[in-house]
Amino acid sequence: MKLIKPLLLIVVACFAFPVFAQEGYPLDGTWRGEWGMAGGEQTLAVVVMDWDGTTINGRINPGRNTISFTNATLDAAGWRVHIDAQTRDGQPVVIDGVLGELGSYNRTLTGTWTQNGMTYPLVLTRE
């Protein structure tokens, strides 16, 4: 009996550790950052992404001015992300980036934000 309790505790700990180590799909969650010209005015961006098992769904700047994704893809070979969205007045918004710090909960998405024919640097961090 003295051996069963410690052995049981070790078995339970072995099963619990992988559960805590996994954080789900790499794009799930809320991402916050800024886009704009280096040294110039920056615009806050909040991107919320969810993976349903097949599709990446999401929205940019949740609230009154939400912009929903029209398409989003992840190329896992290079951890490249591509997001297409459209503003209420029909202007396309495109986010292209590369996931960084994959081992961290606060991973990053670094790339570009394209809107109104202009491309700006973008850095987002998952919260």
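Among the residues making up the stretch 26-76, those that are under 20 Å from residue 92 (Cβ atoms) and aromatic (Phe, Trp, Tyr) are 31, 35, 69. Within the stretch 88-101, being more than 11 Å from the chain's Cα centre (by Cα) and touching a residue at least 24 places away in the same chain (Cβ under 8 Å) holds for 91, 93, 95.
Note on the stretch 77-109: residues that are small (Gly, Ala, Ser) and either within 15 Å of residue 32 (Cα to Cα) or modelled with pLDDT of 95 or more (or both) total 3. The conditions of being of a type in the set (A, V, I, L, M, F, W, C), farther than 18 Å from residue 114 by Cβ and modelled with pLDDT under 90 are met by residue 51.
Which one of 73, 112, 119 is out of contact with any Pro (no Cβ under 8 Å at 6 or more places or on another chain), under 15 Å from residue 35 (Cβ atoms) and either part of a loop (DSSP other than H, G, I, E, B) or not hydrophobic (A, V, I, L, M, F, W, C) (or both)? I'd like the intermediate steps shown before the answer.
On the way: 73 fails: under 15 Å from residue 35 (Cβ atoms); 112 fails: out of contact with any Pro (no Cβ under 8 Å at 6 or more places or on another chain).
So the residue among 73, 112, 119 that is out of contact with any Pro (no Cβ under 8 Å at 6 or more places or on another chain), under 15 Å from residue 35 (Cβ atoms) and either part of a loop (DSSP other than H, G, I, E, B) or not hydrophobic (A, V, I, L, M, F, W, C) (or both) is 119.
In a residue-by-residue description of the stretch 77-89, the property of being of a type in the set (A, V, I, L, M, F, W, C), outside any loop (DSSP other than H, G, I, E, B) and more than 14 Å from residue 31 (Cβ to Cβ) applies to no position.
The values are calculated or read from the model by the stated rules, or taken from the named source; none is laboratory data. All of these numbers come straight from a predicted model, not from anything done at the bench. Cβ atoms come from the backbone with ideal geometry, glycine included; neighbour counts cover every protein chain shown.
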